[in-house]
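The structure appears below as C-alpha cells.
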Amino acid sequence: MRKEDFNNALNHIDYSLVEEHIREKELLEARANRRRSISHTVRIAACFLFLALISPIILILTESPASMPQSTTTTTVLVPPEVQGPVGDDDTSGAIILRYDYWFVFWFESNNYYCLFSATNDEEFENEMYNVTKVPERFIGELLGTVEVSDQAGNKTVCNIYAYVPDPTHRSVVIELREGVFHPAERYAN
Amino acid sequence: MGIFNRLRPPLNDCEIIDLYFARDERAIDETDKKYRKYLFRVAYNILYVNEDCEECLNDTYVGAWESMPPERPTYLKAFLTTIVRRVSTNRYNERTRQKRVPSNLTDSLSDIEYFMPDNSFMKEIEAKELSKVISEYIKSLSKRQRYIFMSRYYTAEPIDEIAAELSVSRSTVNKEIAFIKEGLRIALEMEGYTV
C-alpha cells in the first residue's frame with residue numbers, strides 16, 4: 001500500500017507546484033521548437049550556400065574545353081629544300097624540327113607570325129596547348145598556307161602556317177588539322 | 001460543420017472556461033480539441049493501456065464539467081492535469097491491487113517504495129498531511145530538481161524524455177533523482193514518518 005499512499009499524497013500537493021511545472025514544461029517545449037526551427041532554417045541556408053559554392057565548380061567541370069580541332073584533314077606539302085630554319089632544340093628560339101609525322105595545331109591569331117606548336121601525340125598536345133610561342137621573324141620559313149578556324153564563340157580566324165625545315169632532307173610536311181580548313185599556299189597548291 | 005470545427009483554431013482558456021460557466025457542452029469539445037493529446041499522454045504514462053486512457057479522459061472531462069463552476073482556474077491546463085492525474089492514479093491503484101502493472105508510474109514509485117512509511121492504510125486526511133511534507137520538500141529543491149521530481153513522480157515521464165526536455169544526459173537526470181530520493185527520505189524521517 002505504500003506506493004499508493006505516496007501516489008495519493010501527490011494528488012494533494014500544493015497546486016502552485018503543478019502550475020509552475022506545467023508552465024515550465026511549456027516554456028521548454030517552446031524553446032525546443034524554436035531550436036528545431038532555427039536548426040531547420042540553418043540547414044536550408046547551408047544547402048543553398050553549398051549549391052551556390054559548388055555550382056561554379058560544376059559549371060567549370062562541365063564546360064567544354066577551349067575549342068579544339070576535332071575533325072581531321074590531312075594535307076601533304078612538299079617543302080622546297082631551300083626553306084631552312086636555324087637548328088636548335090630550344091622551342092623558344094623557334095627551331096622546331098619538322099617531320100612529316102608532326103601535327104600542326106593551329107592557334108587563333110590571324111595575320112601574326114605566331115608559330116603554333118607541334119606535338120607528336122595527344123599528351124604533348126594537351127600539355128602544350130596553352131603555350132603559344134611567338135616566333136621571331138628571322139625564323140619564319142616558308143609559308144605553307146593558311147587555315148581558317150573558328151573559336152568557341154564562333155568567330156572565324158585565318159592563321160598563317162609556316163614551315164621550319166632545318167634539315168633539308170626532310171622535304172615533306174604532313175599537316176594534320178584537327179579543325180578548320182587548310183588552304184595551301186599558291187606554291188604548294190595542286 | 002464538424003470539419004469546420006476542427007479547422008478552426010482552438011479557443012483560449014478564458015473562452016473555454018466561459019463555456020463551462022455557461023453550461024455549454026461545447027466546453028467539453030473545445031477542451032478535447034485543445035488538450036486531448038497532452039492529457040492522453042499524462043494518462044498513458046500512468047496506465048499504458050489505450051482503452052483505460054480513453055476512459056480516464058472522459059472521466060477527466062466529467063470532472064472538469066462538475067468542477068467549473070464554482071472553480072475558475074487561472075491556468076486550465078494545470079487544472080486539467082490535476083484531474084487527469086487523480087483519475088488515472090485511481091484507475092492505476094485499482095489495477096495494482098490485483099496485479100503488477102507495467103507503467104512509468106510503477107517504475108518511478110519503485111524508486112521510493114523502500115522508505116515509504118510502513119503503514120497498512122492511510123486515510124484521506126493522512127494523505128493530505130503527507131502531501132504537505134512532500135510539497136515543502138519539493139519547494140526546497142532547485143528549479144531543475146523540482147522539474148525532475150514533478151516530471152518523474154507527478155506526470156510519470158520516462159527518464160529519457162526528461163533528459164531530452166532539459167537538454168541533459170540521462171545519467172545527469174539519474175543523479176538528480178538519486179539526490180532527490182535521499183533528500184525526500186530524510187525529510188520524511190524528520191517529520192516523524194518512520195522508514
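Coordinate-derived values only; no laboratory data. None of the values given here were measured: they were computed from a predicted structure. Glycine gets a Cβ as well: all are built from the backbone with ideal geometry, and neighbour counts include every protein chain shown.
Taking other C-beta atoms within 10 Å as the exposure proxy, B:ILE162, B:ILE186 rank B:ILE186, B:ILE162 from fewest upward. Highest average first, the peptides B:170-177, A:25-32 ordered by how many other beta carbon atoms sit within 10 Å of their residues are B:170-177, A:25-32.
Mean partner shielding of peptide A:18-30, defined as the number of other chain Cβ atoms within 10 Å of each residue Cβ, is 6. Neighbouring Cβ atoms from other chains, within 10 Å of the Cβ of residues in A:41-50, number 0 on average. Which whole-number percentage describes the relative contact order of chain B, with Cα contacts under 8 Å and a sequence gap of 6 or more? Contact order relative to length: 20 percent.
Counting 0.36 nm for each residue step from A:LEU49 to A:LEU27 and taking away their Cα separation leaves a gain of 4.7 nm. Helices in chain B that qualify as membrane-span-like (whole DSSP H runs, Cα extent of at least 18 Å along the helix axis, mean Kyte-Doolittle hydropathy of -1.0 or higher) are B:26-47, B:50-67, B:76-98, B:124-140, B:170-190. Once the other residues with Cβ under 11 Å from the Cβ of B:SER151 are scored (Lys, Arg +1; Asp, Glu -1), what is the net sum? Counting the neighbours of B:SER151, the net charge comes to -1. Mean partner shielding of peptide B:79-88, defined as the number of other chain Cβ atoms within 10 Å of each residue Cβ, is 3. Taking the average, over residues, of other Cβ atoms within 10 Å as the packing measure, peptides B:75-85, B:137-147, A:12-22 rank B:75-85, A:12-22, B:137-147 from highest down. Placing a pseudo-label 7 Å from each Cα along the Cα-to-Cβ vector at B:MET190 and B:LYS143 gives an inter-label distance of 2.3 nm.
Seen from all directions on average, chain B presents a Cα convex hull projection of 12.9 nm². In this rough spin-label picture, where each label sits 7 Å from Cα along the Cβ direction, the B:PHE21-A:ASP14 distance is 2.8 nm. Mind checking the full-extension length gain between B:ARG36 and B:GLU126? Use 0.36 nm per residue of separation minus the Cα-Cα distance, one decimal, nm. Here the answer is 29.1 nm.
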